[in-house]
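Presented below is the structure to which this report refers.
The values are calculated or read from the model by the stated rules, or taken from the named source; none is laboratory data. Fair warning: this is a prediction, and the values are worked out from it, not measured in the lab. All Cβ positions, even for glycine, are placed from backbone atoms using ideal geometry, and neighbour counts span all protein chains on display.
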Amino acid sequence: MAKLRVIQCGVGGFGGGWVNVLKSSPDAECVAMVDVKQENIDKAVAGSGFDKSKCFATLEEAISKVQADAVLTVTPPIVHWEHAKLAFSKGLHVLTEKPLADSLEHGAEMVKLARQKDLRLMVSQNYRYNPNPRLLRSLVQENKFGGLVHGDITFGINASFKGTFRETMTYPLLVDMSIHHFDLMRSVIGSNAKSIFIRSIKTPSDAYQHECAFKGVIEFENGIVMGYSGDWGSPRAATQWPGDWALQFKDALIRWTETGCTAEKSAPWSRERTIESLGAPGMAVTGQAYSLAEFVAAIRENREAETSGADNLHSFGLVAAALESIKRNAPVNLADVVPAV
């Protein structure tokens with residue numbers, strides 16, 4: 001079967017990783033690179049051996065010069081909207097990095113345009129495409145250990161982004177990082193969120209001009225309640241990037257940390273506990289490579305991708321609802337935030 005022909009927009013920074021993913025993919029190939037910075041093009045070409053004659057400053061020029069099936073945009077969120085409009089008008093599918101767009105409104109319009117053209121729109125929420133979250137999801141789906149009751153996620157890294165855009169970003173952790181955790185929660189729990197309450201916290205860190213920590217509670221449509229705590233600026237032992245998870249099932253506490261997943265059990269009033277390691281399923285590809293494979297499969301099978309644009313509105317919507325909750329100092333219902341599409 002012929003490989004999916006992809007125009008990659010944005011090859012600097014995080015885009016550099018995507019250059020390698022496309023180069024090694026058995027299902028897709030890069031047929032053009034686009035970047036507004038020539039130094040990014042030069043570095044990508046030098047590192048990958050890509051044909052420099054197929055590199056362009058704009059997506060419009062690339063589309064006019066090469067035959068393609070899809071666009072991968074690894075660019076600032078506001079550009080996703082512009083790239084999607086152009087790509088869909090030319091009959092091309094779109095894979096974007098997170099977030100879907102610069103606003104929920106633009107994200108909803110992207111979803112509508114894709115549907116009108118019967119094209120695929122997918123967001124690469126790569127955190128969920130890994131063995132341990134797949135294991136947790138299966139435990140919930142199969143009602144193991146008596147079924148999930150509630151849980152907590154803690155994320156904390158003593159980061160410093162001095163001199164970068166994150167230093168001046170309002171609520172940098174929520175805006176820039178939390179969508180990964182929100183999307184993981186939705187995937188593992190198997191439900192969209194019903195409401196969210198977030199309380200922002202000012203820490204002593206001087207690495208940010210705005211608050212970089214919070215505590216929150218999220219209720220899901222299936223009744224599960226999750227605690228969520230994040231801190232991007234306090235001295236502490238770092239959690240893993242997906243956060244450290246503690247899921248309380250009826251018959252066991254399931255933990256997911258950097259060492260893997262375990263099931264803990266104890267008798268009533270006992271300080272003694274048994275800890276069982278849980279083996280995660282094997283996966284041929286993970287992360288971004290899985291995102292690309294899922295994108296190709298969705299196109300070939302004429303179906304929505306797992307993290308389609310429409311699905312991702314519910315993860316993106318949690319970010320918007322969290323910010324609104326801080327503003328109101330009250331819980332926010334997702335039905336009042338996520339656009340209907």
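General observations
- Qualifying residue in segment 207-220 (condition: on the phi < 0 side of the Ramachandran plot, in contact with a helix residue (DSSP H, G or I) (Cβ under 8 Å, 6 or more places away or on another chain) and of a type in the set (Lys, Arg)): no
- Restricted to segment 1-79, the set of helices (runs of 4 or more DSSP H) holding at least 1 residues that are in contact with an Asp or Glu (Cβ under 7 Å, 6 or more places away or on another chain) comprises 15-24, 38-48.
- Residue check, ILE179 assigned to a strand (DSSP E or B) and out of contact with any Asp or Glu (no Cβ under 8 Å at 6 or more places or on another chain): no
- Selection within segment 223-235 - in contact (Cβ under 8 Å) with a residue 12 or more places away in the chain, part of a loop (DSSP other than H, G, I, E, B) and not hydroxyl-bearing (Ser, Thr, Tyr): ILE224, TRP232, GLY233, PRO235
- Taking segment 96-155 as the range and being crowded, with 21+ Cβ neighbours inside 10 Å, in a strand (DSSP E or B) and of a type outside the set (Ser, Thr, Tyr) as the test, the residues that pass are GLU97, LEU121, MET122, VAL123, LEU148, GLY151, ILE153, PHE155.
- Single residue of segment 236-253 satisfying the filter (part of a loop (DSSP other than H, G, I, E, B) and under 24 Å from the mean Cα position of the chain (by Cα)) that is modelled with the lowest pLDDT: ALA237
- Members of segment 272-296 that are among the small types (Gly, Ala, Ser) and either under 19 Å from the mean Cα position of the chain (by Cα) or on the phi > 0 side of the Ramachandran plot (or both): GLY287, ALA289, SER291, ALA293
- Hits in segment 264-297 - residues which are touching a Lys or Arg at 6+ places or on another chain (Cβ under 9 Å), farther than 18 Å from VAL21 by Cα and in contact (Cβ under 8 Å) with a residue 12 or more places away in the chain: GLU264, LYS265, ILE275, GLU276, ALA280, PRO281
- Some residue of segment 298-310 being polar (S, T, N, Q) and assigned to a helix (DSSP H, G or I): no
Quick grid of which residues meet (1) touching a His at 6+ places or on another chain (Cβ under 9 Å); (2) farther than 27 Å from TYR129 by Cα:
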| site | (1), (2) |
| --- | --- |
| PRO204 | no, yes |
| VAL225 | yes, no |
| ALA238 | no, no |
| GLY243 | yes, no |
| GLY260 | no, no |
| PRO268 | no, yes |
| THR274 | no, yes |
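- For HIS210, the stated conditions hold: it is in the same structural domain as ILE326 (by TED's automatic domain parsing), part of a loop (DSSP other than H, G, I, E, B) and surrounded by fewer than 22 Cβ atoms within 10 Å (Cβ to Cβ).
- Of the residues making up segment 260-271, those that are modelled with pLDDT under 95 and at negative phi are SER266, ALA267, PRO268, SER270, ARG271.
- Where a residue in segment 75-92 is under 14 Å from LEU119 (Cα atoms) and its partner, wherever it lies, is outside any loop (DSSP other than H, G, I, E, B) and basic (Lys, Arg), with Cβ under 9 Å and at least six apart: PHE88/LYS117; SER89/LYS117; GLY91/LYS117
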